[in-house]
Each structure stands twice: as structure tokens, then as C-alpha cells.
Amino acid sequence: MAEGIMRHVGEDTVEVFSAGTLPMGLHPTAVRVMGEVGIDISTQQSKSIDRFLDQPFDYVITLCDETDETCPVFAGGRQRLHWSIADPTAVQREDERLNAFRHVRDEVFARVCSFVALIISNRGSA
């Protein structure tokens, strides 16, 4: 979801790469809740972080606490940010899971909007 939101909000402001420490595939509920806000992530793929370890990045953003603890150090990473966001797949009750995905989507959307605004502001003052 974060990749789709960052691409949507960032448009031509940011170049987005997304990966996980334990990629598990695209969750159908994520596709559904993103579609509710007009963002199609159905063609995105779950990727391993290993494929990006040698690549330089201005920012590396981790989203869940477990990932923050296990995320490797990127040699070319200039700044690392951590957004502590609950994993909606951890919600066991199916009737609560949809709302958990919506909550995460909305939280990530707000954080991405603030992040992109900061990037634009920093570029303007540089």
C-alpha cells in the first residue's frame, strides 16, 4: 500500500522502490482498500529487500516495528526513517481486518503527504 500511495502522492517528485524483509505477495484486501481511494496496486509485486541492498537511496522508510529491527543497513542510504504502523495482516478476525487495512491505508496516506511536502519544501530551500 505504501508504494502505491507514495507513487500516487509523489508523482514526479519522488522515485519509489518498495521491498520487504519477508515478502509475502500482494494481499487482496490491500488491493481492495486502495481501490476504494482510486489507487490501483494490482500490478505491484512483492519484492525482497535483498535486490536493493547495493542501491543508493536518499531515504529508507520502514513501516512496522519488526521490519525496523531487521532491516539491513543500506550503504548508500542517506537518511532512515521509521513509521511505526501496525501490520493489518496480523488482525485475526476477518470482520475487523478490512477496517484494519483501511486504517493503515489512511495513516500511511497522511504520513506520505507530509513526507512529500517536506521533500518539496527542502528542495525549494536548497
Net lengthening on full extension, GLN44/ASP106 (0.36 nm per residue, minus Cα-Cα): 20.4 nm
Residues whose placed amide H lies under 5 Å from that of VAL60, excluding near-sequence neighbours: GLN79, ARG80, LEU81
LEU63, LEU81 arranged by Cβ crowding within 10 Å, fewest neighbours leading: LEU81, LEU63
Gain in span if fully extended, HIS82 to ASN122, counting 0.36 nm per residue against the direct Cα distance: 12.5 nm
Residues ASP50, ASP95, sorted so that the one with the fewest Cβ neighbours within 10 Å comes first: ASP95, ASP50
Residue range of the chain that is longest and free of trypsin sites (Lys or Arg not before Pro) which are both DSSP loop and sparsely packed (at most 16 other C-beta within 10 Å): 1-46
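Bear in mind these aren't lab numbers, they're just calculated from the coordinates by the rules spelled out. Quick caveat, the model's predicted, so the values are computed rather than measured. FYI the Cβ positions are ideal-geometry reconstructions off the backbone, even for glycines, and counts take in every protein chain you see.
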